[in-house]
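Okay, so here's the structure we're looking at.
The values are calculated or read from the model by the stated rules, or taken from the named source; none is laboratory data. Small disclaimer: the values here were computed from a predicted structure and weren't measured. A quick note on method: Cβ atoms are made from the backbone with ideal geometry, for glycine too, and the neighbour counts reach across all protein chains shown. These area figures cover heavy atoms from the full protein model, side chains too; ligands, DNA and RNA do not enter into them. Shrake-Rupley method; radii C 1.70, N 1.55, O 1.52, S 1.80 Å.
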Amino acid sequence: METTRTYFLTDTAIMLGRSLRHVFRSMDTIITVTLMPIAMMLLFVYVLGGAIQTGADNYVNYLLPGILLIAIANSIGYTSYRLFLDMQKGIFERFHSMPIARSAALWGHVLTSLVSNMISLFIIVLVALVMGFRSSAGVLEWLGVAGMLALFTLTLTWIAAIAGLSAKSVDGAAAIAYPIHFLPLISSAFVPTATMPSAVRIFAENQPVTSVVETIRALLSNQPVGSELWLALGWCGGIVLLAYLFAMRVYRRAN
Amino acid sequence: MQKLAIKVEGLQKSFKGLSVLKGVDLEVEKGSIFALLGTNGSGKTTIVKILTTLLRPDSGKAIVGGFDVNQNPGQVRQAISLTGQFAAVDEMLTGRENLILIARLRHLQNPRRIADDLLNRFGLNEAAGRLASTYSGGMRRRLDIAMSLVGNAQLVFLDEPTTGLDPEARIEVWKIIKELAAGGTTVFLTTQYLEEAEQLADRIAILDKGKIIVSGTLAELKKMFPAATVEYIEKQPSLEEIFLAIVGANQEQ
Ligand SMILES: Nc1ncnc2c1ncn2[C@@H]1O[C@H](COP(=O)(O)OP(=O)(O)OP(=O)(O)O)[C@@H](O)[C@H]1O
Ligand SMILES: [Mg+2]
């Protein structure tokens, strides 16, 4: 038992290193995950920002949480894609015929998503700082923000894992990303929900992304997080658990 | 010490009602080359996947490297290595990185040296630093086999190792397989090429319609072929003819 556990950690770390190499070697991934959200931020702030009334004195401050979530949503299609390729090309079969912890290969992909997102989110925050983003958050609040973003990333990544493991084609594997792209857009991420038509508003105010956005926004502006935090944790915690269990089931059955 | 590397009894497997293996029995001696011969869809890959713990059989028993594939898959994995039907190399890594990856996953000392040795042995030195996606089919297959040899497993499975290779590359792979066996490794290979089985195998088994219909040494198989009749020049039947004759007879039943 002891050795299995040690091996699980080292094997997962090796898998993580392998799949991070894939990320850093594909320009496409880096552009979509890091540069696109930055371009979006520039567009919103310098082109559309003047026309959007948020009540905040600094639109970058208002916008940043949503941009960070968009970046995460953009990235998860790649997790599905990489998982699908490993299944299709027999790489997983090779790993599974070797004496290594079974789920290490899957965890390697999931942690790759987490690590690469944390890097790209960090870069986006730096760019936002240059664009005038200011935060009164202390260390604890920043840790809270990082934790919330990590949980959100894991939630979407495990959903993406299900898609990647059960897809029949490359397109099918990546398709999971499309509906998820829209969630941050139909939330309070870019404009206050008050201006939306009532049906859209009801959806926007009650979907998980809004509570995550509001939690991060509150933390960054050093405001009390209130019930939004519990709502965000409830949503993400519940979904990530279900997605994890389901993905593991698909993984075991497929192999 | 037992003499058998693999012992299979009454192996059955079906996929959603399609019965693929209908009671397969076979034995492979330690240190020998065993060739499983069969046409497309006859179930070769299914057998390989069961013996390498990737698939669970519906019924029957398979002992590989001294352990039951159902009860002790972990121990079986310690003893074997698999080169699947389609080259499973990581295309986003270089040849050397692929080998180092496997060496690290097998928790071996000095992964770099192991990689360099294999690159040398497989004539991949020059391409070692290139991404595997730039490799030709033959190079990819060589890298694929090299990856399976990391860690010197006592029992190596090769599922159609030469399909899709040109004659030269095929002969190279044959050479590697012969060297492996000469070093004491047991080799289980599947093939559609009768010539390949003739060239390499100590024992040959023919899989047809989910059962092993014949097995034996090449000499034994040749004896089963109906004697030549009215011919002036005595012609030795090739394995191909034996195969077609037996499969043909099996179809008429
Ligand atoms: N996962 C699966 N689900 C459903 N059917 C399958 C599955 N795997 C294999 N089969 C079917 O089982 C039969 C045997 O397949 P298998 O791949 O073992 O044949 P093979 O002898 O390796 O063929 P080939 O020479 O083409 O590689 C085929 O009819 C195939 O369609
Ligand atoms: Mg096959």
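Could you report segment A:2-254's accessible area per residue, 1.4 Å probe, as an integer in Å²? Intermediate results must be reported in sequence, preceding the final value.
Details: 11360 Å² over 253 residues.
Each residue of segment A:2-254 exposes 45 Å² on average to a 1.4 Å probe.
Could you rank A:V115, B:V247 by how accessible they are, 1.4 Å probe, largest area first? Working shown, then result.
Details: A:V115 55, B:V247 20 Å².
Of A:V115, B:V247, the descending order of accessible area is A:V115, B:V247.
Compare the peptides A:220-226, B:82-88, A:69-75 by average per-residue count of other Cβ atoms within 10 angstrom and give them in order, highest first.
The peptides rank, most packed first, as A:69-75, B:82-88, A:220-226.
Compactness ratio of segment A:158-227: Cα Rg over 2.2 N^0.38 Å, N = residue count?
It is 1.39.
Taking the Cβ-Cβ separation of A:V115 and B:T217 as r and a Förster radius of 51 Å, what is the calculated FRET efficiency to the nearest 0.05?
0.40
At a probe of 1.4 Å, how much accessible area disappears from chains B and A on forming the pair, both sides counted, to the nearest 100 Å²?
So the total buried area for this chain pair works out to about 2300 Å².
Need one number: nm distance between label points at A:A13 and A:S26, each 7 Å from Cα along Cα→Cβ, rounded to one decimal.
2.6
Using 0.36 nm per residue of separation minus the Cα-Cα distance, give me the extension gain between B:E241 and B:D202 in nm, one decimal. It would help to have the intermediate numbers written out before the result.
Values: separation 39, 0.36 × 39 = 14.04 nm, distance 1.89 nm.
Extra length available between B:E241 and B:D202 comes to 12.2 nm.
Let me have the relative contact order for chain A, percent, based on Cα pairs under 8 Å that are six or more residues apart. List each step's numbers first, then the result.
Values: 299 pairs, mean separation 65.3, N = 255.
Rounded, it is 26 percent for chain A.
What nm distance separates the two modelled labels at B:W174 and B:K61, each placed 7 Å from Cα along Cα→Cβ?
3.8
What ranking of A:F8, A:F95, A:F24 comes out by heavy-atom accessible area, probe 1.4 Å, highest first?
Output order, biggest surface exposure first: A:F24, A:F8, A:F95.
Students often forget the sequence filter, so: which lysines lie under 17 Å Cα-Cα from B:K30 once same-chain residues fewer than 8 apart are removed?
Qualifying lysines at Cα under 17 Å: B:K3, B:K7, B:K178.
How many percent of DSSP beta bridges within chain B run antiparallel, rounded to 5?
Values: 22 of 40 bridges.
If I count the DSSP bridges inside chain B, around 55 percent turn out antiparallel.
For chain B, what relative contact order do you get, as a whole percent, if you take Cα pairs closer than 8 Å and at least 6 residues apart? Present the calculation step by step, with values, prior to reporting the outcome.
Numbers: 447 pairs, mean separation 62.5, N = 253.
Here the relative contact order equals 25 percent.
Residues of segment B:94-123 losing 10 Å² or more of accessible surface, assembly versus chain alone, probe 1.4 Å, please list them.
B:E97, B:L101, B:I102, B:R104, B:L105, B:R106, B:H107
For A:V213, A:V45, give me the order by solvent-accessible area with a 1.4 Å probe, most accessible first, ignoring ligands, DNA and RNA.
Sorted by accessible area, descending: A:V45, A:V213.
For segment B:202-211, take each phi angle, set θ = phi - 60°, evaluate the Karplus expression 6.51 cos²θ - 1.76 cosθ + 1.60, and give the result in whole Hz per residue in order, putting x for glycine and proline.
3J(HN,Hα) across segment B:202-211, in whole Hz: 6, 10, 10, 10, 10, 9, 8, 6, x, 9.
Could you give the distance between the Cα centres of segment B:84-126 and segment A:184-205, to the whole Å?
Computed from Cα coordinates, the inter-centre distance equals 52 Å.
Determine the sum of side-chain charges near A:I100: Lys and Arg each +1, Asp and Glu each -1, restricted to other residues whose C-beta is under 11 angstrom from that of A:I100.
+4
Quantify, in whole percent, the carbon and sulfur part of the accessible surface of the protein assembly as shown (1.4 Å probe; protein heavy atoms only). Mind dumping the intermediate values first?
Working: 14030 of 23670 Å².
On the protein assembly as shown, the fraction of accessible area on carbon and sulfur atoms equals 59 percent.
Between B:R121 and A:R201, what's the calculated FRET efficiency when r is the beta-carbon distance and R0 is 60 Å? Round to 0.05.
0.35
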